[in-house]
Amino acid sequence: QVQLVESGGGLVQAGGSLRLSCAASGSIFTVNAMGWYRQPPGKPRELVATITRGGATNYADFVKGRFTISRDNAKNTVYLQMNSLKPEDTGVYYCNHRSYRLDDYWGQGTQVTVSS
């Protein structure tokens, strides 16, 4: 099992920045890929960005050039740096870890609200 705790959400004006953190504990050695998803109000959850254990990254088109995913292996923490935020980035952001067996682990979510 892997436990995830997110932090760093909040209220920010359009054009501002936030950094989300996701601290992992438990069976970290089983994790192959880590990522961030979000769920805008009234919409389904969607992929934002992922990073593999090897460091390869992938981003949704709507965040390319604005968001950066990174990780600190020593701290078992994944980050999402969000710049040039837009009102449409509002939603609950969830941290995800996927094991080599394709088991998905989720954090509790952190609210990001971008005001216009």
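Residues of region 20-29 that are surrounded by fewer than 21 Cβ atoms within 10 Å (Cβ to Cβ), small (Gly, Ala, Ser) and under 22 Å from Gly8 (Cα atoms): Ser21, Ala23, Ser25, Gly26. Glu88 falls short on exactly one of the conditions (1) closer than 16 Å to Leu18 by Cβ; (2) open to solvent by 60 Å² or more (accessible area, probe 1.4 Å); (3) assigned to a strand (DSSP E or B), and that condition is (3). Filtered by the rule that a residue be at pLDDT below 95 and polar (S, T, N, Q), region 8-41 gives Ser25, Ser27, Thr30, Asn32. Condition test on Val114, is it within 17 Å of Gln13 (Cα to Cα), hydrophobic (A, V, I, L, M, F, W, C), more than 11 Å from the chain's Cα centre (by Cα) and buried (at least 18 other Cβ atoms within 10 Å of the Cβ)? Yes: the conditions hold for Val114.
Summed over region 30-84, the residues that are open to solvent by 30 Å² or more (accessible area, probe 1.4 Å) and either in contact with a helix residue (DSSP H, G or I) (Cβ under 6 Å, 6 or more places away or on another chain) or hydrophobic (A, V, I, L, M, F, W, C) (or both) give a count of 5. For beta carbons closer than 6 Å, sequence separation of 6+ or different chains, a first residue in region 39-66 that is at negative phi and a second that is open to solvent by 90 Å² or more (accessible area, probe 1.4 Å) and assigned to a loop (DSSP other than H, G, I, E, B), the qualifying pairs are Gln39/Arg45. The set of residues in region 56-74 that are outside any loop (DSSP other than H, G, I, E, B) and either touching a strand residue (DSSP E or B) at 6+ places or on another chain (Cβ under 7 Å) or acidic (Asp, Glu) (or both) comprises Thr57, Asn58, Tyr59, Asp61, Val63, Phe67, Thr68, Ile69, Ser70, Arg71, Asp72.
Scan region 94-111 for residues that are touching a residue at least 40 places away in the same chain (Cβ under 8 Å), under 13 Å from Ser27 (Cα atoms) and open to solvent by 10 Å² or more (accessible area, probe 1.4 Å) and the total you get is 5.
Just for region 18-51: of the residues that are outside any strand (DSSP E or B) and touching a strand residue (DSSP E or B) at 6+ places or on another chain (Cβ under 6 Å), which one is nearest to Asp103 (Cα to Cα)? Of everything passing the filter in region 18-51, Thr30 is nearest to Asp103 (Cα to Cα).
The values are calculated or read from the model by the stated rules, or taken from the named source; none is laboratory data. This one's a predicted model, so the numbers in the text were calculated from it and none came from an experiment. Methodologically, a virtual Cβ is constructed for each residue, glycine included, from the backbone with ideal geometry; neighbour enumeration extends over all protein chains shown. With ligands, DNA and RNA removed, areas are computed over all heavy atoms of the protein, side chains included. Shrake-Rupley method; radii C 1.70, N 1.55, O 1.52, S 1.80 Å.
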